[in-house]
1. Residues of the stretch 11-27 being over 13 Å from Val61 (Cα atoms) and in contact (Cβ under 8 Å) with a residue 40 or more places away in the chain, which ones?
2. Could you please give the count of residues in the stretch 25-64 that are touching a Lys or Arg at 6+ places or on another chain (Cβ under 8 Å), under 21 Å from Ile15 (Cα atoms), among the polar types (S, T, N, Q) and not in a helix (DSSP H, G or I)?
3. Here is a list of conditions, (1) loosely packed, with under 10 Cβ neighbours inside 10 Å; (2) at pLDDT 90 or above, and Val11 meets all of them except one; can you say which number that is?
4. Which residue is modelled with the lowest pLDDT, if the candidates are limited to the stretch 20-36 and must be within 16 Å of Pro53 (Cα to Cα) and open to solvent by less than 90 Å² (accessible area, probe 1.4 Å)?
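The values are calculated or read from the model by the stated rules, or taken from the named source; none is laboratory data. Given the structure is predicted, the values throughout are model-derived calculations rather than measurements. Heads up, the Cβs are rebuilt from the backbone with ideal geometry, glycines too, and the neighbour counts pull from every protein chain shown. For the accessible areas, the whole protein counts, side chains as well, though only heavy atoms, and no ligand, DNA or RNA atoms are used. Shrake-Rupley method; radii C 1.70, N 1.55, O 1.52, S 1.80 Å.
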Amino acid sequence: MLPVQSSSASVRGEIVIRRAVARDAKRLSRLVRGSRAYEGPYAAMVSDYRVGPDYIENHQVFVA
């Protein structure tokens with residue numbers, strides 16, 4: 001497990017990586033759907049994709 005850094009890390013410009021929690025689900029879903037990796041013909045693959053809280057709880061998902 002990665003150590004959790006204090007909120008002052010963002011003030012210094014550091015990137016803090018932490019384990020995702022259920023409340024991150026909507027932001028993660030938007031990140032996937034807005035990713036340039038799925039532009040053009042691939043957009044349909046993720047247009048309805050949703051990262052659910054259950055997925056986050058059952059898998060190792062991290063946010064930065």
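1. Ile15, Val16
2. 1
3. With (1) loosely packed, with under 10 Cβ neighbours inside 10 Å; (2) at pLDDT 90 or above applied to Val11, the lone miss is (2).
4. This residue is Val32.
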